[in-house]
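Step one of this worksheet: look at the structure below.
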């Protein structure tokens, strides 16, 4: 019978980032779809109620929470604990390169080899890093559309996207990445918890994981 040892994995700040990130993404997708194509009668706007105004308020609030989460993650990539820093998931060491390919083979059901690792596996870490970069583009395009008259955002947005229309198009397009990412992320967390009872899902609540002794 396998025995496990309880290990501290994620800091309070990392767990705060995760739930700010997750909840803001869900909120932004739902309200974003509504703002793009409202399914209520817009004739009631400003009379019986304010559905669009309320949706936009929730959307902008969630946008600030999303931006705050990215600022926290930036800090943790540099100053977090060993598992939270960016160096732990980059394929720049023999151990990380080996972990990347072994994870790909395991997810493809080609190999059953599982490396005991306290933090993210390298494939997951690289996916999170890519999503982090996408999130930065989302924030830039979002504030470019929200504050087109502000010189700073106008300058950055024009330099990155060219114009408002391209910024809006890419903002909408990149949203689909977050929806696909969320579905795959939840699936693989459940899959990993079933295959190896290391407490991946519970760790984002408690900060603790369980590793083979």
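If you average the sequence gap of Cα pairs under 8 Å that are 6 or more apart and divide by the length of segment 83-145, what percent do you get for the contact order?
Values: 41 pairs, mean separation 22.1, N = 63.
Normalised by residue count, the contact order of segment 83-145 is 35 percent.
Just checking the listed ones, 95, 73, 85: in the Gaussian network model of the chain with Cα springs under 10 Å, the one fluctuating most is 95.
With neighbours defined as other Cβ atoms within 10 Å of a residue's Cβ, the residues 179, 138, 52, 20 order from fewest to most as 179, 52, 20, 138.
Computing FRET efficiency as 1/(1 + (r/R0)^6) for residue 184 and residue 151, where r is the C-beta to C-beta distance and R0 is 41 Å, gives about 0.55.
Stretching residue 107 away from residue 26 to a fully extended chain increases their span by 26.6 nm, per 0.36 nm per residue minus the current alpha-carbon distance.
So how tilted is helix 12-36 from the main axis of the chain? Cα-based, degrees 0 to 90, rounded to 10. Between helix and principal axis, roughly 40 degrees. What shape does segment 109-159 take by its C-alpha gyration tensor, where a ≥ b ≥ c are the square roots of the eigenvalues and a/c under 1.5 counts as rounded, a/b above b/c as prolate, and the rest as oblate? Because a/c hits 1.5 or more and a/b exceeds b/c, segment 109-159 counts as prolate. The angle between the Cα long axis of helix 151-161 and the longest principal axis of the Cα atoms of the chain comes to about 60 degrees, rounded to the nearest 10.
Every helix of 4 or more DSSP H residues in the chain counts as -39500 (n - 2.57), and over all residues that averages to -23000 deg cm²/dmol at 222 nm.
Within the listed set 25, 71, 92, the Gaussian network model of the chain (springs between alpha-carbon atoms below 10 Å) gives the highest mean-square fluctuation for 92.
Tell me, what are the semi-axes, in whole angstrom and largest first, of the equivalent ellipsoid of segment 1-122 as set by the roots of 5 times the Cα gyration tensor eigenvalues?
Values: eigenvalues 346, 64, 36 Å².
Output for segment 1-122: semi-axes of 42, 18, 13 Å.
With the convex hull constructed from alpha-carbon coordinates only, the chain shows a mean projected area of 15.0 nm² over all directions. The angle between the Cα long axis of helix 164-195 and the longest principal axis of the Cα atoms of the chain comes to about 30 degrees, rounded to the nearest 10. The residues 8, 213, when put in order of fewest to most other Cβ atoms within 10 Å, stand as 213, 8. Percent of C-alpha pairs per 5 Å bin in segment 84-193, short distances first: 2, 11, 17, 16, 14, 11, 10, 9, 6, 3, 1, 0. In whole percent, what relative contact order does the chain give with Cα contacts below 8 Å and a gap of six or more residues? Across the chain, relative contact order equals 29 percent.
Could you tell me the relative contact order of segment 64-176? Use alpha-carbon pairs under 8 Å, at least six residues apart, and round to a whole percent.
19
Just so you know, all these numbers are worked out from the coordinates, no wet-lab data involved. Everything numeric in this text was worked out from a predicted model, so none of it was measured. When we count neighbours, we look across all protein chains shown, and the Cβ atoms used for this are built from the backbone with ideal geometry, even at glycine.
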